[in-house]
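Derivation of every value follows stated rules applied to the coordinates shown; laboratory data play no part. Bear in mind that the values here come from a model prediction, so they are computed numbers and not experimental data. Backbone-built Cβ (ideal geometry, glycine too); neighbour counts: all protein chains shown.
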Amino acid sequence: MTTYPDLQLYIAGEWRKSAETQPVLNPADESVIGMLPIARRADLDDALAAAVEGHKIWSRTSPAKRAAVMLKAAALMRERTEEIAYAITLEHGKPITQARQEVQRGCEFFEWDAAEAVRTYGRVIPSESDIRYIVLHQPIGPVAAFSPWNFPMSQPARKIGGALAAGCSIILKASEETPAGAIHIARAFHDAGLPAGVLNLVFGMPSEISEYLIPQTPIRLVAFTGSTAVGKHLTGIAARHMKPVLMELGGHAPVIVCDDVDPIAAALTSVARKARNAGQVCTSPTRFFVHEKLYAAFTEAFAERARTIKVGNGLDPAIQMGPVANHRRIDALEALVSDARAKGARVLAGGERVGNRGYFFPLTVLSDLPDDAQAMHVEPFGPLALINPVRSLDDAIEQANSLPFGLAAYAFTHSARNAHQLSECIEAGNISINTLEASVAETPFGGVKESGYGREGGAEGLSHYTVVKNVSHRMTL
């Protein structure tokens, strides 16, 4: 039987409650599904002390043993997929099929990082016969990590997987709106035998927790996924205390549709991806720049398919898109659509909230947007697609690069020359051609410009959780 979990903090290997709580809402009907304990200052101090002791144990644990614990925890999560997915859909709203996929994706992150744990190689630098220069990659120390609400399980997995594989302890502040995924992760690691203090999970006022934890001496790295504005703020706090950061921040992903592809196929592929997670993805395809030869056909096919997307409670297997996560998203989407409409954009699908209970907003398609429309500059983080014509690939690339963001970008083309130009000229950390998948466990993921710093995933994913130490050893005096 699937139920929503009992919400608790996890500190020093033990579950605990708190006198202060806040409600967790189901975005499909706005009902209260749980009461989340809020960490007090004493809880944070306990988590810091636990992370210090946990790091002493975990950093001295062999990589093979660390990997074994991680793989056991991932196996437990796979066994518990239905329970975890049900909780994610209740608190976030995404269709249950997507919730199941998220659980599996989170497990893939843990499994990949576990494999990388045994490959954090150093090296010996050739030198004179009586001296050795040895380069070591060692765990950086306790990590303060902050994960967002849009992927309750896979986003915490990114942070926890990288830290644990590298040999670090971690204090994770997961989202207060979608806490269940992180709680299920902590339970799996607890059951897998992770030593006490290696993983600590807290909830509370984001600004209060970050501003208290980051300056603390034991914290050696700050890892964050969220908005560019908050990322800049946390980076500033870390900089004042000389703490390195790993920042995966906002985006506003362009999609370039070249003149050598089937516009209908490109449109239908794009609609399916735009509807994923109700568009609440930092890599969601949003700004579509379509060659003018294909513009009419692409736009018509996109809007026609968008109007067929079924919106409703994610527990209904027939539903293709759930609600947005909270009322803030409704307000933001309505404001962006209203502004674009007032400035001459055409609304081809959606555009208005569905009903007045539950945070339902349809897949909305706007075309012919002027450059000064707010939606062209502000990440909508919702089911909003913006389609404009372009005269050439050069024109499309210029518009794609016009914003300060550079997380993900996409293109449809069958031309090797176009693909080369796109790969070389698009300013983004992740470029996908003829696919709208931007992030998998085995590839590095991160942004450029104001979309962040550092990489998660791939062989590069553990580098930020380690420090490089050079040892110079002369054999004789």
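Quick notes on this structure:
- R0 of 51 Å, Cβ-Cβ distance LYS65-ASP339: FRET efficiency to nearest 0.05: 0.40
- Considering only alpha-carbon pairs that sit under 8 angstrom and 6 or more positions apart, the relative contact order computed for the chain is 18 percent.
- Once exposed loop GluC sites (Glu not before Pro) are cut out (DSSP; at most 15 other Cβ, 10 Å), longest piece of the chain: 129-291
- Other residues lying with their Cβ under 13 Å from the Cβ of VAL135 contribute a combined charge of +3, Lys and Arg counting +1, Asp and Glu -1.
- Using the Cβ-Cβ distance between ASP316 and VAL471 with R0 set to 60 Å, the FRET efficiency from 1/(1 + (r/R0)^6) comes to roughly 0.50.
- Over 24 Å between alpha carbons, listed pairs LYS56/LYS469; LYS274/LYS310; LYS72/LYS159; LYS17/LYS72; LYS56/LYS173; LYS94/LYS159: LYS17/LYS72
- A straight chain from TYR4 to VAL124 at 0.36 nm per residue would run longer than the Cα-Cα distance by 38.1 nm.
- Where N is the number of residues in the stretch 239-363, Cα Rg divided by 2.2 N^0.38 Å: 1.23
- Chymotrypsin sites (Phe, Trp or Tyr not before Pro) lying in DSSP loop within the stretch 49-150, provided at most 11 other Cβ fall within 10 Å: TYR121
- At an R0 of 30 angstrom, the distance between the Cβ atoms of ASP372 and GLU352 translates into a FRET efficiency of 0.85.
- Axis angle, to the nearest 10 degrees, between helix 81-92 and the longest C-alpha principal axis of the chain: 60 degrees.
- Report note on the peptides 463-472, 165-174: ranked by the mean count of other C-beta atoms within 10 Å, highest first, their order is 165-174, 463-472.
- Overall form of the stretch 254-441 per C-alpha gyration tensor (a/c, 1.5; a/b vs b/c): prolate
- Ranked packing of 407-415, 227-235, most packed first, by mean Cβ within 10 Å: 407-415, 227-235
- Under the criterion of Cα pairs below 8 Å and six or more residues apart, the relative contact order for the stretch 219-308 equals 29 percent.
- Straight-distance crosslink candidates among lysines, where the alpha carbon sits under 16 Å from LYS243 and sequence neighbours closer than 8 are dropped: LYS232
- The stretch 98-255 - percent relative contact order, Cα under 8 Å, separation 6 or more: 21 percent
- Rounded to the nearest 20 debye, dipole of the chain from Cβ charges on Lys, Arg, Asp, Glu: 1020 debye
- Computed about its Cα centre, the charge dipole of the stretch 237-296 is approximately 460 debye, with only Lys, Arg, Asp and Glu carrying charge at their Cβ.
- With an a/c value of 1.5 or above and a/b not larger than b/c for the gyration tensor axes a ≥ b ≥ c computed over the alpha-carbon atoms, the chain is described as oblate.
- Length added when fully stretched, SER423-ALA229, from 0.36 nm per residue minus Cα-Cα: 67.1 nm
- Residues of the stretch 138-152 with amide N under 18 Å of a point placed 7 Å along Cα→Cβ from THR217: 141-144
- Spatially, the stretch 40-67 and the stretch 316-333 are offset by 37 Å when compared through their Cα centroids.
- Between the alpha-carbon centres of the stretch 253-299 and the stretch 124-150 there is a gap of 41 Å.
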